[in-house]
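I have placed the structure first, in the form of C-alpha cells, so that the comments after it can refer back to it.
The values are calculated or read from the model by the stated rules, or taken from the named source; none is laboratory data. Keep in mind that this is a model prediction, so the values were computed, not measured. Virtual Cβ from ideal backbone geometry, glycine too; neighbours counted across all protein chains shown.
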Amino acid sequence: MHALWMNFLDFFFPRFCMHCRRPMPSMHDGFICHLCAKAFILSDGGCCQRCGRPMLPEAAENLICADCLEVNPSFQCGITLFPYKGIGKEFIHLIKYKNGHFLKYNLRALFKKFTSKLSVFKGGTFVPVPLHYLRHWQRGFNQSEWIANLLSQHCQGKVKNMLVRRRYTRSQTHLTREERKVNVSNVFSLKKRDVCTPHVHYVLVDDVFTTGATLNACAGTLQKGGAQRISIFTLAHG
C-alpha cells in the first residue's frame, strides 16, 4: 500500500534531490539522493565533549577544544551532527530560509542514525533558542523550535519554550567572535512563569554552532534560573 501511494504521489508531484536536482526514485524517501547522501559528511568521529565540534577521527575521548577551554561555557555537553559546509550548509539554509519542513523525513533519518549518541538526551527538556518576535514574524516560524520538536520525539522528551529574546539583535552571520558575544549580551531571559528545576536535564537546541555565543548566553540564563544540568544540540558546527 505504501509503495502504491508513493508511486501515485511521485507521478503527480515528482521529487528532486535538494542538492543535485536529480529525480528521486519512488521507493527512496526524502529529498537527498543516494549519491549526495554519501557526500553528506557526518560528524561521527572524534568531537569536543563540551560543544560537539568535529575533531580528528583519532581524537581521544573526553577531549575539550581550545575554544571551550578558553570560554569555559555554561553548558556541560554538546552534540552536533555535521559540518556547516557543502550539502550540510544547503540543508540548513533550506530549513531556515525556505521553510524546509519537507526535509522532516531526512532529519528524522539523521536522528535515527545517531540514536546511540543522542541517547544522552533521553527524557530531557528541549529548549529552543528563541527568535525575536519581529524575526519570527518575518521568517514565519522558529527553525530551532521545529528541530527541537522532532528531536524531543526521537528522545522521548518534551519541548519547553521557556526563554525569551528581549531585544532585536543584528544577525550574527558576519560578526566577529567578540562582536557576537556583545551582540547577545543580556538579550535572553526566562519567561515570567517559568522556573528551572535542578534535577531536570535541559537541552538547548539551535540550527548552527559557530562561536557558541548565542547558546552560551542562553545556557547562562538557564543557569542563573537554577538549572544545573545543561546540554546543547545543533545540527551543524561551522
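Condition (residue is over 21 Å from Phe82 (Cα atoms), in contact with an Asp or Glu (Cβ under 6 Å, 6 or more places away or on another chain), surrounded by 13 or more Cβ atoms within 10 Å (Cβ to Cβ) and touching a residue at least 12 places away in the same chain (Cβ under 8 Å)) applied to region 150-164: is it met by at least one residue? Checking region 150-164: at least one residue is over 21 Å from Phe82 (Cα atoms), in contact with an Asp or Glu (Cβ under 6 Å, 6 or more places away or on another chain), surrounded by 13 or more Cβ atoms within 10 Å (Cβ to Cβ) and touching a residue at least 12 places away in the same chain (Cβ under 8 Å). Residue count for region 119-173 under the criterion of being touching a Leu at 6+ places or on another chain (Cβ under 8 Å), modelled with pLDDT under 95 and either assigned to a helix (DSSP H, G or I) or among the basic types (Lys, Arg) (or both): the result is 2. Considering Asn72, Asn99, Asn106, the condition of being exposed (fewer than 12 other Cβ atoms within 10 Å of the Cβ) and assigned by TED's automatic domain parsing to the domain that holds His201 is satisfied by Asn72 alone. Selection within region 191-207: residues that are among the hydrophobic types (A, V, I, L, M, F, W, C) and modelled with pLDDT of 95 or more. The member of this set that is farthest from Gln153 (Cα to Cα) is Val200. Residues of region 183-238 that are among the small types (Gly, Ala, Ser) and part of a strand (DSSP E or B): Ser189, Ser231, Ala236.
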